[in-house]
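The values are calculated or read from the model by the stated rules, or taken from the named source; none is laboratory data. Not measured: the values here are computed from a predicted model. Heads up, the Cβs are rebuilt from the backbone with ideal geometry, glycines too, and the neighbour counts pull from every protein chain shown. All accessible areas refer to the heavy atoms of the entire protein, side chains included, with ligands and DNA or RNA removed. Shrake-Rupley method; radii C 1.70, N 1.55, O 1.52, S 1.80 Å.
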Amino acid sequence: LLNTFGKAENRIALANWARKKSNNPIVELLSLAAQPGLVSFALGLPAPELFPIELYKQAVDFVLTTDEWALQYGAPYQPLKKHIVSLMARRGVECHEDQVFLTTGAQQGMALVTRLLLDHCGQVICEETVYSGFQQVIEPLQPSIITVSTNLETGLDVEAVESVLASGRRAAFIYTIPDGHNPLGVDLSPDKRAYLVALARRYGVPIIEDDAYGFLHYDDSQALPMRALDDQWVFHIGTFSKILAPGLRVGWIIVPRHLISRMSVAKESIDIDTCTFTQRTIAAFMEIGNLSEHISMLRQEYRTRRNAMASALNEYFPAETQWTFPDSGFFVWVELPLATDVGGLLRTVIEKEQVVFIPGESFSVNPASPASHGLRLSFSNCSLNLIEEGVKRIARTLKTFL
Ligand SMILES: Cc1ncc(COP(=O)(O)O)c(C=O)c1O
């Protein structure tokens, strides 16, 4: 029997893109990160001790006892859309419930907008170093990816985007993470946001604004999302993953109104609807709990962890290295001297020091990219002690590599 299966497996003809693909490194790191004793700076996991479990239990109980539609197929839940409109207002974005499209997380938001805008072998514009989940979304369509660089203080190079568009290349969209960039930990400056929106309008190229970390901002002042500047050319993607819990798998897109029905058709073909029960429990949670207060607590907590990581890097990392100090999100990006063997460093710190991080090349669109001498450290999922201890251990090994 096993042989028969083995043979069948060998004969299954995969699509071109799937044949080229090896294993998923993030899934492998997830299982590694769960090993006891390992200090993991690898994944952007929220801190589970900060999940509002008691209040969420009450919301679940309330929905199960009062709502006969809780476990049924159902239309997108209007009260949740209403709450999202209020949440967006906190960010300075004015929108209406009929522009809110509920998704199974931000990841699905990206996949749906891509499905709507990008043809097979079309063109997209994104940064050279970018969230690997975005690369996975576009890969099956085998697009031509036009990359621009990122300034570690002001974000994506908007002038380079202008040169591309002015040269006549027609991109289906521009993908950006303006707040708490994953993996670079930089925010796009307000001037560049306005400039990018002006380009989108002038050349008729939509922007996908991935706002997974926008609510987790650590300064008092924050630039407006691009969706606050334009309601026609910006697809703004939000999520409850980082502000409530990622296991709920609920996010949203603020979509130009006339495209909602097309988005619905695209979504129905994938999963019919976002989990009905979770939509309703999140709405109930937002009725009985105070999400604004919860977000304020998260900002305080993650700010403390970011500060702990910055102090540890200052104290232990060698002078030849540089790193970003993120105003938002979960990630610090570290740049090592050009010739450093980052893969070797990772293998050694895992084996000898029981620490794991993600090497920069996992985020680069092109193999010979500047990200290859970088690494991403996530501070969201470790206690203050472990942050210091982990950075100290990486520094110890790093010194032997330089
Ligand atoms: C930049 C970015 N976008 C999207 C996602 C996916 O978020 P969600 O859990 O809402 O699907 C992540 C998750 O880490 C992310 O870092």
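Does Gln107 satisfy the criteria of being within 15 Å of the ligand (Cβ to nearest atom), on the phi < 0 side of the Ramachandran plot, out of contact with any helix residue (DSSP H, G or I) (no Cβ under 7 Å at 6 or more places or on another chain) and open to solvent by 50 Å² or more (accessible area, probe 1.4 Å)? Give the derivation first.
Details: within 15 Å of the ligand (Cβ to nearest atom): yes; on the phi < 0 side of the Ramachandran plot: yes; out of contact with any helix residue (DSSP H, G or I) (no Cβ under 7 Å at 6 or more places or on another chain): no; open to solvent by 50 Å² or more (accessible area, probe 1.4 Å): yes.
Spelling it out, it is not the case that Gln107 is within 15 Å of the ligand (Cβ to nearest atom), on the phi < 0 side of the Ramachandran plot, out of contact with any helix residue (DSSP H, G or I) (no Cβ under 7 Å at 6 or more places or on another chain) and open to solvent by 50 Å² or more (accessible area, probe 1.4 Å).
Considering only residues that are touching a helix residue (DSSP H, G or I) at 6+ places or on another chain (Cβ under 6 Å), acidic (Asp, Glu) and within 15 Å of the ligand (Cβ to nearest atom), which ones fall in segment 159-209? Glu209 - this is the single residue of segment 159-209 that is touching a helix residue (DSSP H, G or I) at 6+ places or on another chain (Cβ under 6 Å), acidic (Asp, Glu) and within 15 Å of the ligand (Cβ to nearest atom).
Go through segment 69-80 and report how many residues are touching a helix residue (DSSP H, G or I) at 6+ places or on another chain (Cβ under 7 Å), open to solvent by less than 90 Å² (accessible area, probe 1.4 Å) and either of a type in the set (A, V, I, L, M) or at pLDDT below 90 (or both). Residues in segment 69-80 being touching a helix residue (DSSP H, G or I) at 6+ places or on another chain (Cβ under 7 Å), open to solvent by less than 90 Å² (accessible area, probe 1.4 Å) and either of a type in the set (A, V, I, L, M) or at pLDDT below 90 (or both): 2 in total. Applying the set (1) of a type outside the set (Asp, Glu); (2) under 20 Å from Pro178 (Cβ atoms); (3) surrounded by 16 or more Cβ atoms within 10 Å (Cβ to Cβ) to Asn151 leaves exactly one unmet item: (3).
Looking at the structure I just gave you, is Glu49 modelled with pLDDT of 85 or more and open to solvent by 80 Å² or more (accessible area, probe 1.4 Å)? Criteria met by Glu49. Reported count of residues in segment 312-342, each being surrounded by fewer than 18 Cβ atoms within 10 Å (Cβ to Cβ) and among the aliphatic types (A, V, I, L, M), is 3.
Of the set (1) open to solvent by 30 Å² or more (accessible area, probe 1.4 Å); (2) of a type outside the set (S, T, N, Q); (3) within 16 Å of the ligand (Cβ to nearest atom), all apply to His258 but (3). Would you say Leu156 is farther than 30 Å from Lys82 by Cα and within 16 Å of the ligand (Cβ to nearest atom)? Yes.
Restricting to segment 231-242, name every residue that is away from the ligand (no atom under 15 Å from the Cβ) and open to solvent by less than 10 Å² (accessible area, probe 1.4 Å).
Matches in segment 231-242: Val234 only.
On the basis of being within 13 Å of the ligand (Cβ to nearest atom) and open to solvent by less than 50 Å² (accessible area, probe 1.4 Å), does Gly214 make the cut? Steps first, answer last, please.
Details: within 13 Å of the ligand (Cβ to nearest atom): yes; open to solvent by less than 50 Å² (accessible area, probe 1.4 Å): yes.
Considered against the rule, which asks whether it is within 13 Å of the ligand (Cβ to nearest atom) and open to solvent by less than 50 Å² (accessible area, probe 1.4 Å), Gly214 comes out as yes.
In the set (1) open to solvent by less than 50 Å² (accessible area, probe 1.4 Å); (2) within 30 Å of Glu301 (Cα to Cα); (3) not basic (Lys, Arg), the condition left unmet by Gly247 is number (1). Suppose we keep only residues that are assigned to a loop (DSSP other than H, G, I, E, B) and among the small types (Gly, Ala, Ser) within segment 162-172. Which one would you say is most open to solvent (accessible area, probe 1.4 Å)? Result: Ser167. On the stretch given as segment 37-81, residues that are touching a residue at least 24 places away in the same chain (Cβ under 8 Å) and among the acidic types (Asp, Glu) total 1. The one condition from (1) open to solvent by 40 Å² or more (accessible area, probe 1.4 Å); (2) within 16 Å of the ligand (Cβ to nearest atom) that Thr66 does not meet is (2). Of Val85, Val60, all but one fail to be away from the ligand (no atom under 16 Å from the Cβ), modelled with pLDDT of 95 or more, in contact with a Ser or Thr (Cβ under 9 Å, 6 or more places away or on another chain) and outside any loop (DSSP other than H, G, I, E, B); the exception is Val60. Considering segment 16-42, and only residues there that are within 19 Å of the chain's Cα centre (by Cα) and at pLDDT 90 or above, the residue that is surrounded by the most Cβ atoms within 10 Å (Cβ to Cβ) turns out to be Phe41. Within segment 110-127, if we keep just the residues that are open to solvent by less than 50 Å² (accessible area, probe 1.4 Å) and assigned to a loop (DSSP other than H, G, I, E, B), the residue that is nearest to the ligand (Cβ to nearest atom) turns out to be Leu118.
In the set Val137, Val100, Val93, Val130, which member is within 16 Å of the ligand (Cβ to nearest atom), closer than 21 Å to Leu188 by Cβ, open to solvent by less than 20 Å² (accessible area, probe 1.4 Å) and β-branched (Val, Ile, Thr)?
Values: Val137 fails: open to solvent by less than 20 Å² (accessible area, probe 1.4 Å); Val100 fails: closer than 21 Å to Leu188 by Cβ; Val93 fails: within 16 Å of the ligand (Cβ to nearest atom).
Of the residues listed, the single one that is within 16 Å of the ligand (Cβ to nearest atom), closer than 21 Å to Leu188 by Cβ, open to solvent by less than 20 Å² (accessible area, probe 1.4 Å) and β-branched (Val, Ile, Thr) is Val130.
Scanning segment 361-402 for residues that are in contact with a helix residue (DSSP H, G or I) (Cβ under 9 Å, 6 or more places away or on another chain) and farther than 16 Å from Leu313 by Cα yields a count of 14.
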